[in-house]
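My questions will all concern the structure given below.
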Amino acid sequence: MFRVHPAHPGDWWLYVTSGCWEAAQHDGHGVEFFLAAPRDEWLNLESLTMNAYYHCGPAHQRLDVGHTVPIGRPWLDDSECDHYLVSLPYPFGPEFEICKWNGGAHAQILWLLPITTAEKDFRRENGQEELEARFEEHAIDPADPKRASVA
């Protein structure tokens with residue numbers, strides 16, 4: 001697990017898994033996850049570790065884009081966000097998403113984006129693309145635990 005300090009005040013803390021790829025890869029393709037947060041908090045490490053452990057278990061537990069995962073508590077503080085949406089790493093662009101190395105093996109880096117129960121339900125009824133369009137329309141700060149739901 002990597003814990004990345006923000007480069008500038010106000011930037012996000014990043015938590016990134018290391019080892020999911022190797023534990024759950026198939027034919028040279030695997031996945032790693034990251035979580036963005038407004039501050040350094042042990043709960044972020046706990047959440048990322050739990051999701052990595054789940055993903056690396058039996059094959060039927062593999063997480064992928066569009067899956068939602070219940071957190072079981074508010075993400076941080078008294079946040080309404082109580083689920084993670086597995087998403088592409090939009091804030092960092094496509095060059096962040098795929099990590100390739102010799103022999104053609106690669107890891108796809110996916111985002112654990114904190115969302116509310118209402119947003120999870122909206123995604124189930126309307127699709128991930130519609131939910132992500134709402135995020136963009138409302139210009140959410142995805143690392144703000146106090147952000148309002150878009151659903």
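With the requirement that a residue be part of a strand (DSSP E or B) and either within 14 Å of the chain's Cα centre (by Cα) or surrounded by 15 or more Cβ atoms within 10 Å (Cβ to Cβ) (or both), what does segment 15-55 give you?
Across segment 15-55, the qualifying residues are 15, 16, 30, 31, 32, 33, 34, 35, 36, 37.
Would you point out which residue out of 145, 70, 114, 89 is under 15 Å from residue 36 (Cβ atoms) and out of contact with any Asp or Glu (no Cβ under 6 Å at 6 or more places or on another chain)?
Selected residue: 114, the only one of 145, 70, 114, 89 that is under 15 Å from residue 36 (Cβ atoms) and out of contact with any Asp or Glu (no Cβ under 6 Å at 6 or more places or on another chain).
From 134, 147, grab the single residue that is of a type in the set (D, E, K, R), surrounded by 15 or more Cβ atoms within 10 Å (Cβ to Cβ) and assigned to a loop (DSSP other than H, G, I, E, B).
Unique residue meeting the criteria: 147.
Moving to a separate point now. Does at least one position in segment 54-64 carry a residue that is touching a residue at least 12 places away in the same chain (Cβ under 8 Å) and within 27 Å of residue 139 (Cα to Cα)?
Yes, the conditions are met somewhere in segment 54-64.
Sticking with this structure for a sec: Can you tell which of 82, 77 is surrounded by fewer than 16 Cβ atoms within 10 Å (Cβ to Cβ) and not in a helix (DSSP H, G or I)?
Testing whether each residue is surrounded by fewer than 16 Cβ atoms within 10 Å (Cβ to Cβ) and not in a helix (DSSP H, G or I) leaves just 77.
Taking only pairs six or more apart or across chains, which ones have beta-carbon atoms under 9 Å, a first residue in segment 1-14 that is in contact (Cβ under 8 Å) with a residue 40 or more places away in the chain and surrounded by 11 or more Cβ atoms within 10 Å (Cβ to Cβ), and a second residue that is among the hydroxyl-bearing types (Ser, Thr, Tyr) and part of a loop (DSSP other than H, G, I, E, B)?
Pairs that qualify, where the first residue is in contact (Cβ under 8 Å) with a residue 40 or more places away in the chain and surrounded by 11 or more Cβ atoms within 10 Å (Cβ to Cβ) and the partner is among the hydroxyl-bearing types (Ser, Thr, Tyr) and part of a loop (DSSP other than H, G, I, E, B), are 1/17; 1/18.
Just so you know, all these numbers are worked out from the coordinates, no wet-lab data involved. Just so you know, these numbers come straight off a predicted model, no measurement behind them. Every residue, glycine as well, gets a Cβ built from its backbone with ideal geometry; the counts of neighbours run over all protein chains shown.
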